[in-house]
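Worksheet for the structure shown next.
The values are calculated or read from the model by the stated rules, or taken from the named source; none is laboratory data. Here the structure is a predicted model, which means the values were calculated and not measured. Please note: Cβ atoms are built from the backbone with ideal geometry, for glycine as well, and neighbour counts cover all protein chains shown. Note: areas computed on protein heavy atoms with side chains; ligands, DNA, RNA excluded. Shrake-Rupley method; radii C 1.70, N 1.55, O 1.52, S 1.80 Å.
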Protein chains: 2
Amino acid sequence: MNTASFVLHGDLCDSRDPQHLRGIPGGFLVCVDGRCAGAFPVLPDRYAGLPLIDCAGKLVIPGLTDLHVHAPQYAFRGLGMDLELLDWLNVRTFPEESRYADLTYARQTYQSFADDLRRSATTRCCVFATVHREAAELLMDLLEDTGLVALVGKVNMDRDCPDALREDTGASLAETRRWLADVSGRYERISPILTPRFVPSCTDALLDGLGELAAETGLPVQSHLSENRGEVELVAGLCPQARFYGDVYDRYGLFGSNGRAVMAHCVLSSEEETALMKERGTFVAHCPQSNANLSSGIAPVRRYLDEGLNVGLGSDIAGGSSLSILRAMADAVQVSKLRWRLQDQSLKPLTAAEAFYLGTAGGGAFFGPVGRFEPGYEMDAVVLDDARLSAPFPLTVEERVERAIYLSDDRDIVKKFVRGRCVL
Amino acid sequence: MNTASFVLHGDLCDSRDPQHLRGIPGGFLVCVDGRCAGAFPVLPDRYAGLPLIDCAGKLVIPGLTDLHVHAPQYAFRGLGMDLELLDWLNVRTFPEESRYADLTYARQTYQSFADDLRRSATTRCCVFATVHREAAELLMDLLEDTGLVALVGKVNMDRDCPDALREDTGASLAETRRWLADVSGRYERISPILTPRFVPSCTDALLDGLGELAAETGLPVQSHLSENRGEVELVAGLCPQARFYGDVYDRYGLFGSNGRAVMAHCVLSSEEETALMKERGTFVAHCPQSNANLSSGIAPVRRYLDEGLNVGLGSDIAGGSSLSILRAMADAVQVSKLRWRLQDQSLKPLTAAEAFYLGTAGGGAFFGPVGRFEPGYEMDAVVLDDARLSAPFPLTVEERVERAIYLSDDRDIVKKFVRGRCVL
């Protein structure tokens, strides 16, 4: 068993609710068999016998969830950011992804991704690989070794991409079944997720086959939705029978039910699309940095929260340049303010507390009871040494978390626990 | 003499022009008596006798200029970011600035600011202190010790702020004259800059007195301009005789001539205001992060560049949270893309090369021949070890600079030269 029982002593902070942080200075976070037994200002006697991990003076927050990240794009993050989505895919992304037929190359770059992800504050993630089955399995092997919990997808695409990446429809489905058989029972923490790249890259026949597979296996689904104007228009032209972009996935049973699908971006989702996401429990992976880098726009996250949708954050490497979900929190607040100013003053900007919720409990919910320090939640926790960010006046725990959102980086992360197991 | 003569060997990159980077892999940057003698792919024989500083494999870029930063706000950066400008000033900024009457407090916080600025990639900056003369002199003392070149201003304000900060008009002018006398000839690298906070904080009589002082001394001026809608409306109400916000400064001779004034923000500058900035050579300090944090909007930097205005970047601590001008470059590109998408598609987004220009040569020009590796330029240079950001494929020097803009931070800065003097 990798689970453990212990008490973590430090300045605890999680979300009381989507609008409010809950800080417990000098608190005690109790983990029993990998699950949270509660966060207490004073250690209850019944836990006095557990080993104490003393992180006094340091911040202890829930592990962060990255709902949308492309592992094979990590190598070129922060490069070639002067293109919009469809051009960027053709000029930068597809040529690079075609290299993952070569397992030696894949091992080198995926190892770097896994190493940096391990050192980050992320404990859960939804990861795109490439179309290549063997490289996807290699990525899963490497991520298993990080101790993180991840859903990883071999990508499916059978149209509108370079020959080197375009799969034959039947072969794509067969390879997907082979992949699922290969990885079945192989990992403790890594699981497969069905990954049609996005509608422009997938024929109806491929989506139909993946929908059958979803129904048969009950596997979750990840894809892209309503990111960019050109993309949305392309989808409308490709699928005239669909009422809106998300309807295409839904017709094939790929839009999730009971929150089993996560859709990246949703910058341009219509009211109808939003209503269907709510009905299906579909998760929105909000990727603010990517949406700025690729000139896509700013998703109406306030509306999604108000309407009760499931929403979390994604780094969207390499549309986004930074792997940090703390940075994604700050970006989410900042772009929401610009959206309010420039686009729609009916939607109030996000607060730091709300962005923190998105990066912890909001996205964590895709993995079950994850992202809060409540009894029964899986024990994902990150210890941040924020001494570097000290102030000449006293700060509350909640203020220190706000400052960490804006200013901390991976060097401040001193310990990380996933399901109660120390992985850093 | 603090100047020196040497050759710096590394992967050099500066701006060829506002649109293009110039990378010289394995190049030689020659410094003679604190000034650049050129950047060469092969070391000319005539410099072979100079000491060689070997930074092979590392990036060498010009020192960065921060055209707008508030030293007394450094202590609360990244805190309380859920307010707009005028509320944020009253709730956060003014109470904190009033503490700078206490020199012990000032020393502690200003030292922290100076330390972090020294470790950053910034070599030149325009700094606001507070209204307190003695604290402003202390800040100048501490900044002199960093080795950076800075223009520092004792702030003037005589209305519309808390009693603890509001100066009597005559006393404000007298204290300013006393301050100028105190610091005259005291520093090698630090100089005073006249600093009316902004129109809402300054009566006509104060602006008039400062204008006289500017004419008398020839000192440069820094202030704020057209940052936020509420502020612009407030100024229009306060100064009905002015044609536009910047006209108020200009009427008192505080809008510069021959590029002797720098105005922060210019988010909402009208065509008339822009035309006058061009006529006067006024510098725009573009502060993208602050403009997002305070929900101000996005300045039309493309328009300013196209019209030939002087433009550089500012961190605007603590409207901005990050002291890094590399980060400001990335922010400038990102918000320009959002502006293009959401506000005005006639203004193309900025490129990484253009943002680099703004943070080096663009802002550096406020200090004279600064921010490029051209003969006669003052030798400000930063050495970045970007090994942490390596890629599994070869990158050009220009690509490495783009990546550093998006991903590097202060831990990557290994050496810094200001006017040829090694300060880090």
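Listing for the model above:
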read-out: q = 0.12, 0.17, 0.18, 0.21 Å⁻¹, region A:352-424: log10 I(q)/I(0) [Debye, one scatterer per Cα]; value: -0.37, -0.73, -0.81, -1.04
read-out: Computed P(r) (all Cα pairs; chain A; 20 Å bins; percent); value: 28, 58, 14, 0
read-out: Residues with amide H under 5 Å from that of A:Arg16, placed H, sequence gap 5 or more; value: A:Leu21, A:Arg22
read-out: Value of relative contact order over region A:242-328, rounded to a whole percent, pairs C-alpha under 8 Å and six or more apart; value: 26 percent
read-out: Formal net charge of residues neighbouring A:Ala101 (Cβ-Cβ distance under 14 Å; K, R +1; D, E -1); value: -3
read-out: Label spacing, shortest first and in nm, from B:Gln19 to its equivalents in the remaining copies (7 angstrom along Cα→Cβ); value: 5.1
read-out: Kirkwood Rh in Å, taken over region A:223-273 so that all alpha-carbon pairs contribute; value: 11.1 Å
read-out: Gyration tensor (alpha-carbon) shape descriptor, region B:230-306, a/c threshold 1.5; value: oblate
read-out: Taking chain A and dividing mean pair separation by its residue count, relative contact order in percent (alpha carbons under 8 Å, at least six apart); value: 22 percent
read-out: Stokes-Einstein D in µm²/s, Kirkwood radius over Cα pairs - region A:249-408 at 20 °C with 1.002 mPa s viscosity; value: 130 µm²/s
read-out: With every protein chain in place, region B:54-182: carbon and sulfur % of accessible area (1.4 Å); value: 45 percent
read-out: Whole-percent carbon and sulfur share, accessible surface of region A:278-423, 1.4 Å; value: 47 percent
read-out: ³J(HN,Hα) computed for each position of region A:287-296 - Karplus, 6.51 cos²θ - 1.76 cosθ + 1.60, integer Hz, glycine/proline x; value: 10, x, 5, 4, 5, 7, 4, 9, 6, 7
read-out: Per-bin percent of Cα-Cα distances, region A:24-102 [5 Å]; value: 3, 10, 17, 13, 8, 5, 6, 8, 10, 12, 6, 3, 0
read-out: The protein assembly as shown - share of DSSP beta bridges that are antiparallel (%, nearest 5); value: 45 percent
read-out: At 0.890 mPa s and 25 °C, Stokes diffusion of region B:207-341 via Kirkwood alpha-carbon radius, µm² per second; value: 163 µm²/s
read-out: Rounded accessible area per residue of the protein assembly as shown, 1.4 Å, Å²; value: 32 Å²
read-out: Whole-Hz couplings from phi, Karplus 6.51/-1.76/1.60, listed for region B:330-347; x for Gly and Pro; value: 4, 4, 4, 5, 4, 5, 5, 5, 5, 4, 4, 5, 9, 10, 7, 7, 7, 10
read-out: Amide H partners (placed H, <5 Å) of B:Ile193, local residues excluded; value: B:Val152, B:Gly153, B:Lys154
read-out: Relative contact order computed over region A:342-424 (Cα-Cα under 8 Å; 6+ residues apart), in percent; value: 27 percent
read-out: Label spacing, shortest first and in nm, from A:Asp182 to its equivalents in the remaining copies (7 angstrom along Cα→Cβ); value: 7.2
read-out: Accessible area that becomes buried as A packs against B, both chains, 1.4 Å probe, Å², nearest 100; value: 4400 Å²
read-out: Nearest-to-axis residue of chain A, judged by beta-carbon position, where the axis maps A onto B, in Å; value: A:Leu342, 2
read-out: Nearest 10 degrees, 0 to 90: helix B:103-119 Cα axis against chain B principal axis; value: 30 degrees
read-out: Helix axis angle, A:229-238 relative to chain A longest principal axis, alpha carbon, degrees; value: 40 degrees
read-out: Rg/Rh (Cα only; Kirkwood hydrodynamic radius) as it applies to region B:54-144; value: 1.05
read-out: Per-pair calculated FRET efficiency, R0 = 30 Å: B:Ala174 and B:Gln111 via Cβ, rounded to 0.05; value: 0.60
read-out: Exam field: B:Asp115 pseudo-label spacings to other copies (7 Å along Cα-Cβ), nanometres; value: 3.0
read-out: For A:Phe283, distant residues with modelled amide H under 5 Å away; value: A:Ala261, A:Val262, A:Met263
read-out: Helix-derived mean residue ellipticity, 222 nm - over the protein assembly as shown, DSSP H n ≥ 4, -39500 (n - 2.57), to 500; value: -10000 deg cm²/dmol
read-out: Backbone N under 18 Å from the A:Ala56 label point (7 Å along Cα→Cβ), restricted to region A:390-411; value: A:397
read-out: As computed over the protein assembly as shown, the Cα convex hull volume per residue (Å³); value: 156 Å³
